[in-house]
Amino acid sequence: NKEPDWASLTLGVFVCQACSLLHRSIPHISRVKSVQDTWDASEVELMAAMGNSAAKAKYEQKVPAFYYRPTHTDCKLLREQWIRAKYERNEFEFIEKQEPYSAGYREGFLWKRGRDNGQFLSRKFVLSEREGALKYFNKQDARDPKAIMKIETLNATFQPAKIGNPCGLQITYLKDNSTRNIFVYHSDAKEMVDWFNAIRAARFHYLQVAFPGASDEELVPKLTRSFMKEGFMEKTGPKHTEGFKKRWFTMDDRRLMYFKDPLDAYARGEVFIGSKENSYTVLAGLPPSTQGYHWNHGITIVTPDRKFLFACETEAEQQDWIAAFQRVINRPMRPQEYAVEAHFKHKP
């Protein structure tokens, strides 16, 4: 974070308060002290001799382009494993230590949430860059996978609060052009972050082939993405005559999906959000004749074909959703997004 007010005396770096707590978990590597405390001359000299720029040059000299570099806003798991990878395991000084996520092939067992009963069961997962897929198997000796997730449409995002586990990872992919969610975790934090970065590595190498002229800077933002916004809203049907029902909504790029439960495998429905140039707009409030809503803070999304009506519990939530929709609508559509839009229009 900006203006950090803690420092690691042993590493010679300044850190924010949130990360100082993580540095305390590796006392054999890092001893932290507040900048407000009294410092003696030798401690000041140590900090002056290293500093964040020099430490970065030393500890981050071989970070792969695909490796996720967390910010102060990321979940604790990602920040802690980044700190441990840098200072405890020296992964970015010795390339051979990066094998778990850079090899192009990875297999192991993850706890996966059952689609119907909600129980987490151990499942074998195999990520193969060569086959262009992540697969999982219901039985240890099964020859055929239960699901094949193409690297082309794969996404992974940490969701510890939603899944109820500090290592909870949500994996999404497209199946018949609809989004499918898989929720997994592993009890070992390093193992889970290695899986995440292995998926990013596979996506990176896939995109390098798909877009041969693109730079790393252009490809890295496309490797994995966090959802733009998630939360509960109420919605009504296309005729606007049925009552509003509470649903969990996820804004994933241009796909607005709604679920009965946040951990459902499939969305109950998906809405494509295009750009203002293509006659998509978002408005605060609902048409005057609207009935059947319980929450008072309405949102109307106007598309070329119909209006979608939603209601939020608070004004703050309404404003957050409108801002998220507006960001998408303000962005011109890419050529491939027209094909996605056409698919949505032809859905029964």
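The values are calculated or read from the model by the stated rules, or taken from the named source; none is laboratory data. Everything numeric in this text was worked out from a predicted model, so none of it was measured. Positions of Cβ are backbone-derived with ideal geometry, glycine not excepted, and every protein chain shown enters the neighbour counts. Side chains are part of the model used for accessible areas, which takes the heavy atoms of the whole protein and leaves out ligands, DNA and RNA. Shrake-Rupley method; radii C 1.70, N 1.55, O 1.52, S 1.80 Å.
The one condition from (1) loosely packed, with under 12 Cβ neighbours inside 10 Å; (2) in contact (Cβ under 8 Å) with a residue 12 or more places away in the chain; (3) outside the structural domain of Phe183 (by the TED database) that His72 does not meet is (1). Only a single criterion out of (1) assigned to a strand (DSSP E or B); (2) open to solvent by 10 Å² or more (accessible area, probe 1.4 Å); (3) free of Cβ contacts under 8 Å to residues at least 40 places away in the same chain is not satisfied by Arg143, namely (1).
Going by the structure shown, is Phe125 touching a Cys at 6+ places or on another chain (Cβ under 6 Å) and buried (at least 20 other Cβ atoms within 10 Å of the Cβ)? No, not satisfied.
Checked against (1) touching a helix residue (DSSP H, G or I) at 6+ places or on another chain (Cβ under 9 Å); (2) assigned by the TED database to the domain that holds Ala85; (3) open to solvent by 30 Å² or more (accessible area, probe 1.4 Å); (4) touching a residue at least 12 places away in the same chain (Cβ under 8 Å), Asn1 meets all criteria but (2).
Within the range 181-194, being in a helix (DSSP H, G or I) and touching a helix residue (DSSP H, G or I) at 6+ places or on another chain (Cβ under 8 Å) holds for Ala189, Lys190, Met192, Val193, Asp194.
For the range 210-222, taking the residues that are in a loop (DSSP other than H, G, I, E, B) and closer than 17 Å to Arg334 by Cα, the one that is least open to solvent (accessible area, probe 1.4 Å) is identified as Ala214. Please indicate, with yes or no, whether at least one residue in the range 89-107 is open to solvent by 90 Å² or more (accessible area, probe 1.4 Å), of a type outside the set (A, V, I, L, M, F, W, C), in contact (Cβ under 8 Å) with a residue 24 or more places away in the chain and assigned to a strand (DSSP E or B). Yes, some residue in the range 89-107 is open to solvent by 90 Å² or more (accessible area, probe 1.4 Å), of a type outside the set (A, V, I, L, M, F, W, C), in contact (Cβ under 8 Å) with a residue 24 or more places away in the chain and assigned to a strand (DSSP E or B).
Being open to solvent by less than 60 Å² (accessible area, probe 1.4 Å), in a strand (DSSP E or B) and either modelled with pLDDT under 95 or farther than 24 Å from Thr179 by Cα (or both) is a property that Val271 has. Right, Val340: more than 28 Å from Asp116 (Cα to Cα), open to solvent by less than 10 Å² (accessible area, probe 1.4 Å), outside the structural domain of Asn155 (by the TED database) and in a helix (DSSP H, G or I) or not? Judged against the criteria, Val340 is not a match.
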